[in-house]
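The values are calculated or read from the model by the stated rules, or taken from the named source; none is laboratory data. Since the structure is predicted, the reported quantities are computational estimates derived from the model, not experimental observations. Don't worry about glycine lacking a Cβ; one is built from the backbone with ideal geometry, like all the others, and counts go over all protein chains shown.
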């Protein structure tokens, strides 16, 4: 069974890198592309991430580092703009597997979700509001923005996930590899400088 999950993970990794898909949809697309039934056991996200890193090293080594740096700098712009909402960067941009097709995911922690919407409206920023699964599986508000990244010369999706002010402690628990799943502005500055 591990050979099959490895094959699914490798196929999913290709969809993540080449199409900018998130891990869940990429695994489903991999099942379909490989002609496997929908109930086939899927690899976990750590397996997919390992395959993404291998794929990037093999096929994107000459471009990915510069694209990742541009995305991190663009995330820094948004984190600075929204500093009062205690932003934390997560996802592929934080973990270092992002390419120009990846979106930026910021977790915001504030007492009132509407205050973020009001701030965006006051700054003249168009956004789309929807509900998504949050840090603990509950529904949270997500504000999605199309933001032009000068360094990449294209629009980037920036997603602001609004969490309760006190949820920040649980949001920083280490993942299965002992890594922080997200970082604040100071942590992102260290990554950019490194």
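If you take the residues of the range 181-194 that are part of a loop (DSSP other than H, G, I, E, B) and touching a residue at least 12 places away in the same chain (Cβ under 8 Å), which of them is farthest from the chain's Cα centre (by Cα)? Out of the qualifying residues, it is 184.
Could you please find all residues in the range 134-157 being in contact with a helix residue (DSSP H, G or I) (Cβ under 6 Å, 6 or more places away or on another chain) and closer than 16 Å to residue 86 by Cβ? 135, 141, listed by residue number.
Residues in the range 62-75 that are over 25 Å from residue 9 (Cα atoms), buried (at least 19 other Cβ atoms within 10 Å of the Cβ) and touching a helix residue (DSSP H, G or I) at 6+ places or on another chain (Cβ under 8 Å): 72, 75.
Table: residues versus (1) loosely packed, with under 12 Cβ neighbours inside 10 Å; (2) in a strand (DSSP E or B); (3) at negative phi.
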residue: 77; (1), (2), (3): no, no, yes
residue: 99; (1), (2), (3): no, no, yes
residue: 106; (1), (2), (3): no, yes, yes
residue: 116; (1), (2), (3): no, no, yes
residue: 140; (1), (2), (3): no, yes, yes
residue: 163; (1), (2), (3): no, yes, yes
residue: 179; (1), (2), (3): yes, no, yes
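All conditions in (1) in a helix (DSSP H, G or I); (2) more than 14 Å from the chain's Cα centre (by Cα) hold for residue 72, with the sole exception of (2).
Residue check: is residue 175 assigned by TED's automatic domain parsing to the domain that holds residue 84 and within 16 Å of the chain's Cα centre (by Cα)? Outline the logic, then answer.
Details: assigned by TED's automatic domain parsing to the domain that holds residue 84: yes; within 16 Å of the chain's Cα centre (by Cα): yes.
Yes; evaluated as a whole, the condition is true for this residue.
Checking each residue in the range 118-138 for being in contact with a strand residue (DSSP E or B) (Cβ under 9 Å, 6 or more places away or on another chain) and assigned to a helix (DSSP H, G or I) picks out only 120. Considering only the range 79-89, I want to know if a residue exists there that is surrounded by 19 or more Cβ atoms within 10 Å (Cβ to Cβ), under 19 Å from residue 177 (Cβ atoms) and not assigned by TED's automatic domain parsing to the domain that holds residue 150. No, the range 79-89 contains no residue that is surrounded by 19 or more Cβ atoms within 10 Å (Cβ to Cβ), under 19 Å from residue 177 (Cβ atoms) and not assigned by TED's automatic domain parsing to the domain that holds residue 150.
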